[in-house]
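In what follows, a single structure is set out as structure tokens and then discussed.
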Amino acid sequence: MNAISTTNLGKRYRSQYALKGIDLEIPRGSIYGLLGPNGAGKTTALEIIAGLRHPSFGQVQIQGRAGYTAYCPDVAEFEPWLSPAEVLEVSAGLLGRPKPMDKINDMLAMVGLKDTEARHVSGFSRGMLARLGLGAALICDPEILLLDEPVAALDPLGQHEIMDLLTNLRSSVTIVISSHDLTEIEQRCDTVGVLNAGELIHQGPLSQLLKSHAQHIWYLEVRPPATELVARLATVPWASAVSEVSPGVVEIHYLNSEEAERKLPVLLANSGSQLISLTQAKPTLEEVFLSITKNNIESAEQGEA
Amino acid sequence: MGMWRLEILRIWRTRRIIALTAVFLIIGIGDPLLVHFLSKLIANSSKNGVIVVAPTPTPASSIASFGSSVAQLGTLVTVVVGAATLAIDSRPALAAFYRTRIRHPRDLILPRFVAVLVFTCLALVIGIIAAWYETSILIGPVSAADLAVGFGFEALWVLFSIALVAAWSSMLKSVLAVAAWSVATLLALSLIGTIHVLSAWSPTALSSSIGPIVGGTSPNNFTGVSIVSTIGAIALLGFAIFRIGRREQ
């Protein structure tokens, strides 16, 4: 069941399209990564879902209680004359869900702002504001959490802490993260949507996306030397390129997976090599992202030509 | 913490209360003093045998001078404080924080509007008390009842001015732009007020109304403009709430 779904959602600013009719399907309880280069329409999509912008066309359907969708912009901002505890108090209070002080202090500790109660927000760094933004959203007990670049302002340790916190919320909260940090997205998200120039060019489970872009490359590790094995592999028709990348590790570019899977064990046995491991080269999300966005741009250019 | 407490904290912690009170207090103390010593100041600055005679100070002229300063400096500080408070979208991320939490656009506007109105009126009361005291001991007695009626009309002017600021805040984003357009509109209304047939109806007629009231003008003369100003303020406020609800960041 989807927590959020959009139908032909579009946004136009005069003649410029920020979103060209996208159909997002965000499963309940998932961590959904919204990816895309700058200007792809990620922030616009999040702001429309949050109710901060009106769509030019299309619809947003949110399955859940009204007022339980929280949004954190990429650069959080608060009244500089409030303390962090007061910010959380205001955040929950405005929604009519006041929280006792011990809950507020617990939340500050949870987002890593435990020792800042006495300070005013005016002295906060961008990273601290990002943490406070997350705390201000979480104190409202959201069912859906929309996060625009939530860890961009944080140091690597802070990024890890916040992403750990979000991962722990999985299943109880539906989280949509727009981010450029593809490593974190790859580690934490189960579903992704890729936007490019206002179009949704891919959407689905992350594992499926990575699998669909799997490269036809194996890394075969045998007890060195691998000279005999490399020589035999160089003659087979199902391998397009073979090289020993380090002592005993052979990189095999195969053409046909079925044939390669059937014939490699036989070849290995005949060569007398001692097998240590066989792994398939997996593309990173970054490689897949670059590949699909580049393909999309190229096909758009060809279409224009 | 709700919006009402937040707005009281805003006025207090941003020192806007000090700015408002200080300006009205200085006007209240300064203007009667200036009126009282004006003839001596002019006499001391006269040269080459030229004699300039200043009118004899009266309680009415003292309060009229106070009213005139309130209409200018007091209105300016009210507009600036109002713009700084009501220009909600001047900081988009902060506006997003509020917009994703409020139930109705009026929750965003009304507490800010009321807070600025109440604290400006309090500052105005302090200014009037200062002017009353100074005038009474330096020039002569002033009727407290007349001052109270005058305060009522001045408060209507404050209400109208802040409602105008709220309306501009719903159309513009920067604090400076909101303040500038509000001042420009008030100046335009002031110019319209110089046209004889409209003078009794332009809200600017209320901006220094305390002087004529103390001087003996009947409050009935301000009935029409009071109605126009009240209806105008309600309309402007309604427009601001409507616009802020429909506006995108």
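Filter the stretch A:56-113 for residues that are aromatic (F, W, Y) and part of a loop (DSSP other than H, G, I, E, B); which is farthest from the other protein chains (Cβ to nearest Cβ)? Give the steps one after another, and end with the answer.
We begin by selecting, within the stretch A:56-113, every residue aromatic (F, W, Y); these are A:57, A:68, A:71, A:78, A:81.
With the extra rule that they be part of a loop (DSSP other than H, G, I, E, B), the set shrinks to A:68, A:78, A:81.
Details: A:Y68: 11, A:F78: 6, A:W81: 4 Å.
The extreme case among them is A:Y68.
Scan the stretch B:25-47 and tell me whether some residue there is among the aromatic types (F, W, Y), more than 12 Å from chain A (Cβ to nearest Cβ) and either more than 19 Å from the chain's Cα centre (by Cα) or part of a helix (DSSP H, G or I) (or both). For the stretch B:25-47, residues among the aromatic types (F, W, Y), more than 12 Å from chain A (Cβ to nearest Cβ) and either more than 19 Å from the chain's Cα centre (by Cα) or part of a helix (DSSP H, G or I) (or both): present. Answer yes or no: is there a residue in the stretch A:147-169 that is at pLDDT below 85 and within 18 Å of B:A96 (Cβ to Cβ). Looking through the stretch A:147-169, at least one residue is at pLDDT below 85 and within 18 Å of B:A96 (Cβ to Cβ).
Being at pLDDT 95 or above and within 14 Å of chain A (Cβ to nearest Cβ) narrows it down to one residue among B:R91, B:R106, B:R101, B:R112; which is it? Give the steps one after another, and end with the answer.
Numbers: B:R91 fails: at pLDDT 95 or above; B:R106 fails: at pLDDT 95 or above; B:R101 fails: at pLDDT 95 or above.
When all the criteria are applied, what remains is B:R112.
When you look at A:A226, is it over 18 Å from A:P27 (Cβ atoms), out of contact with any helix residue (DSSP H, G or I) (no Cβ under 8 Å at 6 or more places or on another chain) and crowded, with 16+ Cβ neighbours inside 10 Å, yes or no? Answer is yes for this residue.
Put simply, of A:L200, A:L233, A:L229, A:L255 the only residue that is within 30 Å of A:L34 (Cα to Cα) and not small (G, A, S) is A:L200. Is it true that some residue in the stretch B:49-59 is at pLDDT 90 or above and in contact with a Phe, Trp or Tyr (Cβ under 8 Å, 6 or more places away or on another chain)? Checked the stretch B:49-59: no residue is at pLDDT 90 or above and in contact with a Phe, Trp or Tyr (Cβ under 8 Å, 6 or more places away or on another chain). The condition of being within 16 Å of the chain's Cα centre (by Cα), in a loop (DSSP other than H, G, I, E, B) and on the phi < 0 side of the Ramachandran plot holds for only one of B:S229, B:S208, B:S199, that being B:S208.
Could you check, for the stretch A:138-146, whether at least one of its residues is of a type outside the set (V, I, T), crowded, with 17+ Cβ neighbours inside 10 Å, within 15 Å of B:A93 (Cβ to Cβ) and at pLDDT below 90? No, the stretch A:138-146 contains no residue that is of a type outside the set (V, I, T), crowded, with 17+ Cβ neighbours inside 10 Å, within 15 Å of B:A93 (Cβ to Cβ) and at pLDDT below 90. Return yes when B:V149 is among the aliphatic types (A, V, I, L, M), surrounded by fewer than 23 Cβ atoms within 10 Å (Cβ to Cβ), in contact with a helix residue (DSSP H, G or I) (Cβ under 9 Å, 6 or more places away or on another chain) and closer than 19 Å to B:S207 by Cβ and no when it is not. For B:V149, the condition - among the aliphatic types (A, V, I, L, M), surrounded by fewer than 23 Cβ atoms within 10 Å (Cβ to Cβ), in contact with a helix residue (DSSP H, G or I) (Cβ under 9 Å, 6 or more places away or on another chain) and closer than 19 Å to B:S207 by Cβ - is met.
Quick one: is A:G39 within 10 Å of another protein chain (Cβ to nearest Cβ), at positive phi, surrounded by fewer than 20 Cβ atoms within 10 Å (Cβ to Cβ) and part of a loop (DSSP other than H, G, I, E, B)? Against the criterion (within 10 Å of another protein chain (Cβ to nearest Cβ), at positive phi, surrounded by fewer than 20 Cβ atoms within 10 Å (Cβ to Cβ) and part of a loop (DSSP other than H, G, I, E, B)), A:G39 does not qualify. Where strands (runs of 3 or more DSSP E) fall wholly inside the stretch A:190-273, the ranges with 2 or more residues that are over 29 Å from the mean Cα position of the chain (by Cα), more than 30 Å from A:T293 (Cα to Cα) and modelled with pLDDT of 90 or more are A:217-222, A:239-246, A:249-254. Examine the stretch A:160-180 for a residue that is closer than 21 Å to A:E287 by Cα and more than 11 Å from the chain's Cα centre (by Cα), and state whether such a residue exists. No: the stretch A:160-180 contains no residue that is closer than 21 Å to A:E287 by Cα and more than 11 Å from the chain's Cα centre (by Cα).
The values are calculated or read from the model by the stated rules, or taken from the named source; none is laboratory data. Everything numeric here is computed off the predicted structure, so don't read it as measured data. All Cβ positions, even for glycine, are placed from backbone atoms using ideal geometry, and neighbour counts span all protein chains on display.
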